[in-house]
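Comments concern the structure below.
The values are calculated or read from the model by the stated rules, or taken from the named source; none is laboratory data. Remember, predicted model here, so these are calculated numbers, not experimental data. Reconstructed Cβ throughout: ideal geometry from the backbone, glycine too, with neighbour counts over all protein chains shown. Note: accessible area is taken over every heavy atom of the protein model, side chains too, but ligands, DNA and RNA are not part of it. Shrake-Rupley method; radii C 1.70, N 1.55, O 1.52, S 1.80 Å.
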Amino acid sequence: ISKVQLGGLEKLLVVASDVSEQRQLTELLGYQATHDALTGLCNRREFERSVRRELEAVARGGPQAALLYIDLDQFKLINDTSGHLAGDQLLSQLALALAEHLRGDDILARLGGDEFGVLARDVDFEGVQLLAERLRTRIEGLIYVWEQRSYTISASIGVVMIDRAGLTLEDVFAHADAACYMAKDHGRNRVHFYSAQDDETLQRRGEMEW
């Protein structure tokens, strides 16, 4: 807005511009920065932000939560035999299937490759058990057909409770990863809850392999 002289009279000049396209572009860039391009789920960076906020809330006395680390079993076989396009299509279908079985406040993310994460808020141990088993069963029940081939799908799920102050983001992800490894080591297609013994077992195994 500025003042101009017109015919001896002082007028106000108002210049307007359409910023809707710029706003849409800004929103698109913001979405792309926080979401996975393939599945449309939260990406790892945004998921980590959510986990950090949950850790802070629990440290302040808020309700406990849990992180579920989901790793598909033998996903590489699909990529090797049917190609990466087939693998990408499977991941997209899985994202939709998993989202259907979450509670309203749960956050589902693609962490990278064939790995997914779920942040379950305000949940106790029994509730997490039910949720993890529900997701495992849903994945196991999926038969994936691509061209002339069909695949049965399964996943190993590692779970760590976020139930006390002092846990860091690195702690939670390391524990979830260890639990997922134990689930695979015990036969795949199962749920394993993290315990301190898992770290000791992995350490001993690493020393033996070394």
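Structural remarks
- A crude spin-label estimate for the pair residue 92 and residue 199, with each label 7 Å from Cα along the Cβ direction, gives 4.1 nm.
- Label-to-label distance, nm, for residues given as residue 74 and residue 149 (7 Å Cα→Cβ offset): 1.2
- With a Förster radius of 30 Å applied to the C-beta separation of residue 21 and residue 49, the computed FRET efficiency comes to 0.60.
- Kyte-Doolittle mean at least 0.5, axial Cα span of 15 Å or more - DSSP H helices of the chain: 84-99
- Rounded to the nearest 20 debye, the dipole size of the chain about its Cα centre is 500 debye, using +1 on the Cβ of Lys and Arg and -1 on the Cβ of Asp and Glu.
- Of all the options 44, 136, 53, the one that moves most in a Gaussian network model of the chain with Cα springs shorter than 10 angstrom is 53.
- For the set 75, 125, 193, solvent exposure ranked by accessible area (probe 1.4 Å, protein chains only) runs largest to smallest as 125, 193, 75.
- Here the Gaussian network model covers the chain, with springs between Cα atoms less than 10 Å apart; of 108, 142, 72, 142 fluctuates the most.
- Most fluctuating residue given options 188, 149, 49, as computed from a GNM of the chain linking Cα atoms under 10 Å: 149
- Convex hull of the chain built on C-alpha atoms - directionally averaged projected area, nm²: 19.3
- Value at 222 nm in deg cm²/dmol, rounded to 500, when DSSP H runs of n ≥ 4 in the chain each add -39,500 (n - 2.57): -16000 deg cm²/dmol
- Each of residue 188 and residue 170 was given a label point 7 Å from its Cα along the Cα-to-Cβ line. The distance between the two points is 3.2 nm.
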